[in-house]
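J.: Would you mind keeping the following structure in view while I ask a few things?
The values are calculated or read from the model by the stated rules, or taken from the named source; none is laboratory data. On a predicted model such as this, the values are computed, not experimentally measured, just so you know. Quick reminder, even Gly has a Cβ in these numbers, built from the backbone with ideal geometry, and neighbours come from all protein chains shown. Ligands, DNA and RNA are excluded from the accessible area calculation, which covers all protein heavy atoms including side chains. Shrake-Rupley method; radii C 1.70, N 1.55, O 1.52, S 1.80 Å.
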Amino acid sequence: MDIGAHTQFCGVIGNPVEHSLSPAIHNAAFQALGIDCVYLAWKVGMIGEAIQGLRALGNFRGASVTIPHKVSAVPFLDDLEPTAQHIGAINTIVAENGRLIGYNTDATGALRALREGGVKLAGRRIVMLGSGGAARAIAFALAADSGADKLTLLGVDDKERTALASDLRSKSNVAIEDAFLDDSTLGRTVPDAQILIHCTPVGMSPKVDATCVPASLFHPDLAVMDIVYNPRATRLLIEAKGAGCKTIPGLEMFLNQAVTQFELWTNRPAPVDVMRAVLESRFQ
């Protein structure tokens, strides 16, 4: 890389970020297309101060936004594109003519991963674990574009979960249920579900032995997607596959949303094959 005074920069804002593969795939993509830009990882506690600092730097092009800042970053931006506005959460910032615009590529990334994985959504009963920024995006995408019969939200943050459920009921026609995430509600909802989507950090590296769902609840009629992508095969997915479930790794959603981010920052088609190859190489 030939870094100079005109080199632009992007990065991922989150806490933690040590596990992130975003720098590897985006830097490989920049190099593949000869774009004078670098991508870094920023561990951020105070989101407002971080965005204010980035705003002051002239070569800032954009950022990925991950746990726990997908909702809390919103008030510090100048504008949101319609999907992000509707969801109330972002995962992408684009710097445009001195203004910071928030986007959400999680929603389309998740639906594409499910559909490409052969999961039928229409008429299905879906259980989602978690109610944070990524869960908001996926839930709104499902409510708007899946034709699902019922969406059950299970989460440990009562205020966050009930607010999401209320928003979904007011903006969609899908039947919405919500409850506290524990063994009791899992035991009541998962056996009757046809799709399970895990949207919490549980099981993410380095705590790879953790899982939200007892293995005894998985059944062959259930499709399971985990949005955790590091490790590629989470305990949740391993146990689901062992029970005969169709499984969708978080790697697919991660790649889909990253491709859209890259194209927003560069206005160029992303080198998808290069980005996938880098991801695959990290798990071999």
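J.: Using all C-alpha to C-alpha distances in the stretch 60-142, build P(r) with 5 Å bins and read off the rounded percent in each one.
T.: Each 5 Å bin holds this share of Cα pairs: 3, 15, 25, 22, 15, 10, 6, 3, 1.
J.: For the stretch 181-238, go through all pairs of different Cα atoms, get the mean of 1/r, take its inverse, and jot down that Kirkwood value in Å.
T.: Numbers: mean 1/r = 0.0856 Å⁻¹.
Kirkwood hydrodynamic radius for the stretch 181-238: 11.7 Å.
J.: If you average 1/r over every pair of different alpha-carbon atoms in the stretch 233-284 and take one over that average, what Kirkwood value in Å do you get?
T.: Numbers: mean 1/r = 0.0795 Å⁻¹.
With all distinct Cα pairs of the stretch 233-284 included, I get 12.6 Å.
J.: For LYS120 and SER72, what does the FRET efficiency come to when R0 = 25 Å and r is the distance between their Cβ atoms, rounded to the nearest 0.05? Provide the component values of the computation, followed by the final result.
T.: Numbers: r = 35 Å, r/R0 = 1.39.
Calculated value: 0.10.
J.: Each label point is 7 Å from the Cα along the Cα-to-Cβ direction; what then is the distance between the points at SER205 and SER281, in nm?
T.: Result: 1.5 nm between the two label points.
J.: Note the direction-averaged projected area, equal to a quarter of the hull surface, for the Cα convex hull of the stretch 204-265, in nm². Write out the running numbers ahead of the final one.
T.: Details: hull surface 18.5 nm².
In nm², the orientation-averaged hull projection of the stretch 204-265 is 4.6.
J.: If you don't mind, another one. What does the charge count near GLY117 come to, summing +1 for each Lys or Arg and -1 for each Asp or Glu among other residues with Cβ under 13 Å from its Cβ?
T.: Working: positive: ARG112, ARG115, LYS120, LYS241, LYS246; negative: GLU116, ASP226, GLU252.
Computed value for this residue: +2.
J.: At what distance in nm do the modelled label points of LYS43 and HIS6 sit from each other, each positioned 7 Å from its Cα along Cα→Cβ?
T.: It is 3.6 nm.
J.: Let me ask something additional. Find out how many positive minus negative residues lie around GLU160, taking Lys and Arg as positive, Asp and Glu as negative, among other residues whose Cβ is under 12 Å from that of GLU160.
T.: Values: positive: LYS70, ARG136, LYS159, ARG161; negative: ASP157, ASP158, ASP167, ASP178.
The answer is 0.
J.: For LEU264, what charge total do you get from the other residues with a beta carbon under 11 Å from its beta carbon, if Lys and Arg give +1 and Asp and Glu give -1?
T.: Numbers: positive: ARG61, ARG268; negative: GLU81, GLU96, GLU263.
Once positives and negatives cancel, what remains is -1.
J.: On alpha carbon coordinates alone, what is the Rg over Rh value for the chain, Rh being the Kirkwood radius?
T.: On the way: Rg = 18.5 Å, Rh = 19.2 Å.
Using Cα coordinates only, the ratio equals 0.97.
J.: Set the Förster radius R0 to 35 Å, insert the Cβ-Cβ distance between ASP273 and GLN52 as r into 1/(1 + (r/R0)^6), and round the FRET efficiency to 0.05. Don't jump to the answer; show the numbers that get you there.
T.: On the way: r = 37 Å, r/R0 = 1.06.
E(calc), rounded to 0.05, equals 0.40.
J.: Now for a different question. Kindly flag which residue pairs out of LYS120/LYS150; LYS120/LYS246; LYS70/LYS171; LYS70/LYS159 have an alpha-carbon separation exceeding 18 Å in this structure. Let's see the in-between values first.
T.: Details: LYS120/LYS150 14 Å; LYS120/LYS246 11 Å; LYS70/LYS171 20 Å; LYS70/LYS159 16 Å.
Too far apart for the 18 Å limit: LYS70/LYS171.
J.: Using only Cα atoms, tell me the angle between helix 22-33 and the longest principal axis of the chain; keep it within 0 to 90° and round to the nearest 10.
T.: Value to nearest ten degrees: 50.
J.: I need the shape label for the stretch 99-207. Rule: rounded when a/c is under 1.5, else prolate if a/b > b/c, else oblate, with a, b, c from the alpha carbon gyration tensor. Please list the in-between numbers first.
T.: Details: a/c = 1.23, a/b = 1.11, b/c = 1.11.
Rounded.
J.: At 1.4 Å probe size, with the rest of the protein present, what percent of the exposed accessible area of the chain is carbon and sulfur atoms?
T.: Details: 6300 of 12250 Å².
Carbon and sulfur atoms account for 51 percent of the accessible area of the chain.
J.: So, for the chain, what is the accessible surface per residue at a probe of 1.4 Å, expressed in square angstrom? Write out the running numbers ahead of the final one.
T.: Numbers: 12250 Å² over 284 residues.
Accessible area per residue, the chain: 43 Å².
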